[in-house]
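A short write-up of the structure that comes next.
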Amino acid sequence: MLKQFFIVCSGADKDILEGCSQGEQTKYVGIGATVFFTAIMAFIASAYALFTVFDSIYPALIFGLVWGLLIFNLDRFIVSTIRKRDRFSSEFLQATPRIILAIIIAIVISKPLEIKIFEKEINTVLLKEKNAMALENKKEVATYFQTDLDKNKAEIDSLKSDIAKKEKEVNTLYETYITEAEGTKGTMKLGKGPVFKEKIAKHNLASTQLDTIRKNNLAKITEKENKAKLLQADLDKKVSETQPIIDGFDGLMARINALNKLPWLPSFFIMLLFLAIETSPIIAKLLSPKGEYDYKLEDLETALKTTLSQDKYQRELLVKTSATMHDKVYADIAEDKKLYDLQRQKATELLELQAHNFVEKQKKTL
C-alpha cells in the first residue's frame with residue numbers, strides 16, 4: 001500500500017512500472033517518498049510562517065495545507081516530466097528550468113523553519129530593537145510636547161520670581177525701618193520719629209502688595225502646575241498608545257530582518273539542506289543510468305509518435321491525391337463544348353437582366 005502510494009507520488013506510469021524489476025520500482029518509490037516528505041516540510045514551514053502572520057492556528061493550517069499540496073504537485077510534475085536522453089548535456093539543459101524552480105521552492109520552504117530554529121536568538125534581536133524603538137518613540141513624543149511644557153514651566157518660574165522679588169523688597173524695607181528705630185542706620189537717632197513712621201509705612205504697603213501678589217501668583221501657579229500635569233498625562237497617554245504597536249513588532253518581515261542580522265553561515269547551511277532535499281529527485285534522475293522503465297516509456301512514446309507521423313503523412317497524401325484528381329476532372333469538364341455553350345447562354349441572360357434593371361433604376365431617379 002505504502003509502496004503504491006510513493007509510486008503515485010513519483011509521477012511514474014504505474015502500469016509500465018509494474019512490469020519492471022524490483023530495483024527499478026524501488027528507485028521510483030524512493031523518488032516518490034522524497035517528493036512526499038518535501039511537501040510535508042513545505043506544509044510545516046508555511047503553516048508556521050502563516051501562524052506568525054495571522055496569530056491563529058486554523059487559517060495557518062488551512063493555507064499551509066494548500067501550500068503543501070501546491071509544492072507536492074510542482075515537485076511531482078518536475079520529476080515526472082524529466083526524460084532520459086542519450087547525452088547528459090541534453091538532460092541537464094532539459095532540467096535547468098526545473099532546478100531553478102526547485103531552488104526557489106527550497107529557499108521559500110527553508111526561511112520559516114530557520115526563523116523557528118533560531119527563534120530565541122531572533123527574540124533577543126527583536127527585544128533590543130523594541131527597546132530602541134520605545135526610547136526613540138518616547139523621545140519623539142516628548143519633543144512634540146516639549147514646547148508647551150517649557151512655556152508652562154517658564155511662566156511658573158516667572159510667577160515665583162515675582163513673589164521672590166517682592167519678598168526681598170519687603171525684607172529690605174523691614175530691615176530699614178528696624179535699623180532706623182535702633183538708630184544704627186538712616187538718621188542715626190534712636191526712637192520712632194517721622195522717618196521711622198515713613199519707612200514702616202512703606203514696609204506695610206509693600207507687605208500688603210506682597211500678600212496680593214502671593215495670593216494671585218499662587219493661584220496662577222496652581223493652575224499652571226495642573227496644566228503641566230495634564231500635559232504630562234497627555235505625553236504618557238501618547239506613549240502608552242503607541243507602545244502596543246512597538247510590542248507587536250514581531251511579524252514575519254520583522255523576524256526575517258532579525259534573522260538577517262544573525263551570523264549567515266548556520267542559516268546558509270540550513271538552506272543548503274533544504275535545497276538538497278528539494279533537488280534530490282531531479283539530481284537522482286539526472287545521475288541515474290537509463291533504466292528499464294525509461295526504455296519502456298520511450299518505446300511507447302516513439303511508437304505513438306511513429307503512428308501519428310504515419311497518419312499525418314497518409315492524410316497529407318490523401319489530400320494531395322484528391323486535389324490532383326479534382327484538378328483533372330475539372331480540366332476535362334472545361335473542354336466540354338456543350339457545357340461551354342450553356343454557360344455562355346446563361347451569362348448572356350444574366351447580363352441582359354442586369355442592364356434592364358439598371359435602366360429601370362435610372363428612370364426612377366429622374
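Observations on the model:
- Annotation: of all residues in segment 1-51 being polar (S, T, N, Q) and touching a residue at least 24 places away in the same chain (Cβ under 8 Å), the one that is nearest to TYR293 (Cα to Cα) is SER21.
- Test: residue in segment 123-133 that is surrounded by 15 or more Cβ atoms within 10 Å (Cβ to Cβ), aliphatic (A, V, I, L, M), more than 30 Å from ASP75 (Cα to Cα) and in contact with a Lys or Arg (Cβ under 8 Å, 6 or more places away or on another chain): yes
- Pairs with Cβ under 7 Å, 6+ apart, first in segment 67-94 and closer than 12 Å to SER288 by Cα, second at pLDDT 70 or above and loosely packed, with under 15 Cβ neighbours inside 10 Å: LYS84/LYS290
- Of note, LEU230 does not satisfy the criterion of being under 24 Å from ALA154 (Cα atoms), assigned by TED's automatic domain parsing to the domain that holds LYS160 and either at pLDDT below 75 or not in a helix (DSSP H, G or I) (or both).
- Test: residue in segment 30-42 that is more than 15 Å from ALA284 (Cα to Cα), in a helix (DSSP H, G or I) and under 19 Å from the mean Cα position of the chain (by Cα): yes
- Subset of segment 118-139 [more than 21 Å from ALA45 (Cβ to Cβ) and free of Cβ contacts under 8 Å to residues at least 24 places away in the same chain]: THR124, LEU127, LYS128, ASN131, ALA132, LEU135, GLU136, LYS139
- Residue within segment 15-27 that is out of contact with any Ser or Thr (no Cβ under 9 Å at 6 or more places or on another chain) and farther than 29 Å from ASP299 by Cβ present: no
- Within segment 35-49, the set of residues being more than 14 Å from ILE105 (Cα to Cα) and surrounded by 22 or more Cβ atoms within 10 Å (Cβ to Cβ) comprises just one member, ALA49.
- Within segment 74-82, none of the residues are over 30 Å from ILE122 (Cβ atoms), exposed (fewer than 15 other Cβ atoms within 10 Å of the Cβ) and in contact with a helix residue (DSSP H, G or I) (Cβ under 7 Å, 6 or more places away or on another chain).
- Total residues in segment 15-25 satisfying the condition of being in a helix (DSSP H, G or I) and surrounded by 13 or more Cβ atoms within 10 Å (Cβ to Cβ): the figure is 4.
The values are calculated or read from the model by the stated rules, or taken from the named source; none is laboratory data. This structure is a prediction, so every number in the text was calculated from the model and none was measured. Note that we place each Cβ from the backbone using ideal geometry, even for glycine, and neighbour counts take in every protein chain shown.
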